[in-house]
Ligand SMILES: Nc1ncnc2c1ncn2[C@@H]1O[C@H](COP(=O)(O)OP(=O)(O)OP(=O)(O)O)[C@@H](O)[C@H]1O
Ligand SMILES: [Mg+2]
């Protein structure tokens, strides 16, 4: 009997496969030049989950999202980022986007001179495409009404809707929302919340960063709290809502 036949007979010594989380950051470290801002962050997100990433001003929330989306700044110096078994940490931003990372930045980055529809069409210039534009309009009737309007003339809430819609026009696997309620009146916040509820029901895996922590917690399954570039809490959203000390210490609410 040769060696390979012997090996085939012997019991396997390989460990049983551990199910991998849909998304994970493994001890990521990122810098803006010399400035060390993401200081060994690790967490998992399961498929279909919505996770709130919370923390004070300057805690590193935006930097963490930008690192995940593989933008040039801050620069990832160490650690691994995995999405659906693919190594995001080896990729450039365009590759991460093609794989399905959809970052909706705080400034929304819509193209002001283009109409609503042109903004959506632009998102679909390349494969892989997500929802057809007509399906987007079913979920965002306000955008359907304004489809011919220049994006610059939209209200803040409508611009936020367009920014989220544009992510869905791509084949998004991980939605990263940076302060979607920022600068919006409470009544508009509730409207955006309803849209995010729908997105949650549809099973999109989402990380939401929000100053309005209570609103984000109500929407989320889990919560992470960042402080000075490190995760100081990882648990259920309810645990944060119920823990006044934690909220006061890290969220000032
Ligand atoms: N482009 C940059 N160059 C250098 N340092 C930066 C840059 N952007 C952010 N920082 C610093 O990195 C740290 C984390 O900032 P970040 O924007 O990630 O925080 P944040 O949690 O999103 O805060 P906020 O709630 O104010 O949005 C801060 O100390 C900030 O001053
Ligand atoms: Mg920020």
Open item on the list: Criterion first (more than 22 Å from residue 216 (Cα to Cα), within 14 Å of ligand 2 (Cβ to nearest atom) and surrounded by 15 or more Cβ atoms within 10 Å (Cβ to Cβ)) does residue 37 satisfy it?
Closed with: yes
Task: Every pair of residues 6+ apart whose Cβ atoms lie under 6 Å, when the first sits in the stretch 15-37 and is closer than 25 Å to residue 173 by Cβ while the second is part of a loop (DSSP other than H, G, I, E, B) and within 16 Å of ligand 2 (Cβ to nearest atom) - done: 30/74
- [ ] Evaluate the stretch 86-100: report whether one residue or more is within 16 Å of ligand 1 (Cβ to nearest atom) and within 23 Å of residue 125 (Cα to Cα).
- [x] yes
Open item on the list: For the stretch 166-183, which positions are closer than 19 Å to residue 116 by Cα and within 16 Å of ligand 2 (Cβ to nearest atom)?
Closed with: 180
- [ ] Could you tell me which of the residues 71, 99, 83, 54 is over 30 Å from residue 248 (Cα atoms), within 15 Å of the chain's Cα centre (by Cα) and within 16 Å of ligand 2 (Cβ to nearest atom)?
- [x] 71
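To keep it simple, each residue is scored yes or no on (1) at pLDDT 95 or above; (2) touching a helix residue (DSSP H, G or I) at 6+ places or on another chain (Cβ under 6 Å); (3) over 30 Å from residue 44 (Cα atoms).
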{"residue": "136", "(1), (2), (3)": "yes, yes, no"}
{"residue": "143", "(1), (2), (3)": "yes, yes, yes"}
{"residue": "148", "(1), (2), (3)": "yes, no, yes"}
{"residue": "154", "(1), (2), (3)": "yes, no, yes"}
{"residue": "169", "(1), (2), (3)": "yes, yes, no"}
{"residue": "185", "(1), (2), (3)": "no, no, yes"}
{"residue": "188", "(1), (2), (3)": "no, yes, yes"}
TODO: Please give the helices (runs of 4 or more DSSP H) falling wholly within the stretch 140-240 in which 2 or more residues are more than 16 Å from ligand 1 (Cβ to nearest atom) and without any contact (Cβ under 8 Å) to a residue 40 or more places away in the chain.
DONE: 141-145, 156-169, 186-201
TODO: Search the stretch 47-69 for residues that are within 13 Å of residue 176 (Cα to Cα) and without any contact (Cβ under 8 Å) to a residue 60 or more places away in the chain and pair each with any residue that is outside any strand (DSSP E or B) and near ligand 2 (Cβ under 10 Å from one of its atoms) when their beta-carbon atoms are under 9 Å apart and the residues are at least 6 apart or on different chains.
DONE: 66/105
Task: Top-ranked residue in the stretch 102-134 [being under 17 Å from the mean Cα position of the chain (by Cα) and away from ligand 2 (no atom under 16 Å from the Cβ); ranked as surrounded by the most Cβ atoms within 10 Å (Cβ to Cβ)] - done: 102
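The values are calculated or read from the model by the stated rules, or taken from the named source; none is laboratory data. Remember, predicted model here, so these are calculated numbers, not experimental data. FYI the Cβ positions are ideal-geometry reconstructions off the backbone, even for glycines, and counts take in every protein chain you see.
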